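Q: Could you have a look at this structure, given as structure tokens, before my questions?
The values are calculated or read from the model by the stated rules, or taken from the named source; none is laboratory data. Note that the structure is a prediction, hence the values are computed from the model and not measured. Cβ atoms come from the backbone with ideal geometry, glycine included; neighbour counts cover every protein chain shown. Note: areas computed on protein heavy atoms with side chains; ligands, DNA, RNA excluded. Shrake-Rupley method; radii C 1.70, N 1.55, O 1.52, S 1.80 Å.
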Amino acid sequence: MKHSNVVGGSTAKRVMACPGSVALCEKMPPKPSSTYADEGTLLHTLIAEYLEHGTKPDKFIGRTYEAQTLTEDLLHEKLLPAIKALDEIDPKQEMQYAVETNVSFDNEALSGVFGSTDLLGRIGDTAYVIDWKFGDGVLVTAEENPQLMFYAAAAMRTPSVKWVFDGATAIECIIVQPTRGVSRWTTTPERIAQFEIELIRAVKKAQLPDAELNVGDHCRWCAAKPTCPMFTGAVDRALKTKFDALDNTLIGAYLLNADLLEDWIKDLRNLAISTLERGNSVPGYKLVAKRGTRQWVSEDAAKGVLLNILDESEVVESSLLSPAKVEKLLKKRAIEMPEGLVVSISSGNTLASEDDPRPSALLIGQQLNAALSKIGI
């Protein structure tokens, strides 16, 4: 959800482990959203509506966010399990709670630092900080989780939800991952206060010109990974290493970093693609269209032509067979595919070296904007 540029719930772990990453991230272009992020936003929005207004979950089917739609499968795979998990956390339904709350710090050291919580609640002497994780990827645990401790610390200083923590003797931090399970960890207000001190130290370090950089699992989602000296230096060293001279101990040590380097390579390629798509140059590289997939220009028109050549039982199952399958049938009879029935459509652009024989991709949107700007539109 939304958080400040300096540090937020989702970035607290990285900033505390690697203060130097803050300055590097400020120089990076904003990351575009993804289908996974859009699906998560959709599910967060719907569970908030369920909690605030009591809307029946099956009424959400067909609701959309960006290009993501709540289907019957998504309802049963993720939304309903998340609701069931909350019922198990609060079986008597006695929790008082606040949904989707903006929380912030009121001290000078963390001025402008804020975040957005999924669910804050109170039962008896226990305060609850609950976060939904709808992705299918990495398992997230609640124990000593910097994101949940960030939310707790900020919420304790936010007037609208301070009641959740007033007089509480325990704070339970909970991660709900519908596809991975529920992780729970109980801590104390004193531990959260100590976390705030640690966060202040990290933010102060991040403001230093020589703030330290450190590699670790916090690098996984770091936007600055493609340009981080800790990674670029490691790659340069790896390229100079004669791997056949390594002993088994060193091989094992290098393998521990393999996942991080693979993530770095992926993020670097994505950064280059987004740079080229914005109309900027990356020396030595260009965008080319991905290999196209063949589709019927019109299934009805194709069927009308093909049924004069082949039997309907051959080319139609539940729908018209794909162009590739129909072409195999035609080849058995030494017949060429009739012209005008098939078109090849690319699924997008990809990165290629400048000497790649494929033509550069046509960035229609970019060229249209440039043309319109020239005529003052």
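Q: Enumerate the whole-percent occupancy of each 10 Å bin, from 0 to the last occupied one, for all C-alpha pair distances of the chain.
A: For the chain, the binned pair fractions read 4, 17, 21, 22, 18, 11, 5, 1, 0 percent.
Q: Given the peptides 194-203, 46-55, arrange them by the average over their residues of other C-beta atoms within 10 Å, most packed first.
A: 194-203, 46-55
Q: Between the helical axis of 80-89 and the dominant principal axis of the chain, each derived from Cα atoms, what acute angle in degrees is found, rounded to the nearest 10?
A: The two axes meet at around 10 degrees.
Q: Next question, about the same structure. Would you please give the residues with an amide H less than 5 Å from that of VAL113, counting only those at least 5 places away or on a separate chain, with H modeled from the backbone geometry?
A: PHE105
Q: Sticking with this one: Would you work out the relative contact order for the chain, in percent, from Cα pairs under 8 angstrom that are 6 or more residues apart?
A: So the answer I get is 16 percent.
Q: Which net charge results for the neighbourhood of LEU70, defined as the other residues with beta-carbon distances under 15 angstrom from its beta-carbon, given Lys and Arg at +1 and Asp and Glu at -1?
A: -4
Q: Taking 22 Å as the cut-off for C-alpha to C-alpha distance, list the pairs among LYS204/LYS266; LYS31/LYS225; LYS303/LYS325; LYS266/LYS286; LYS56/LYS78; LYS266/LYS290 that go past it.
A: LYS204/LYS266
Q: Can you tell me the orientation of helix 35-53 relative to the chain, as the angle in degrees between its alpha-carbon axis and the longest Cα principal axis, to the nearest 10?
A: Rounded to the nearest ten degrees, it is 50.
Q: First compute the accessible area of the chain with a 1.4 Å probe, then give the percent of it belonging to carbon and sulfur atoms.
A: 52
Q: If you don't mind, there's one more thing I want to ask. As I understand it, the value is the acute angle between the Cα axis of helix 146-155 and the longest principal axis of the Cα atoms of the chain; what does it come to in degrees, rounded to 10?
A: Helix 146-155 and the main axis of the chain meet at about 60 degrees.
Q: How would you order 116-123, 206-213 from highest to lowest mean count of nearby Cβ atoms within 10 Å?
A: My ranking of the peptides, most packed first, is 116-123, 206-213.
Q: How much net charge surrounds ARG157 when only other residues with a Cβ under 15 Å from its Cβ are counted (Lys, Arg +1; Asp, Glu -1)?
A: Neighbour charge sum, excluding ARG157 itself: -3.
Q: For the chain, what is the accessible area per residue in Å², given a 1.4 Å probe and the full set of protein chains?
A: For the chain, the per-residue accessible area is 58 Å².
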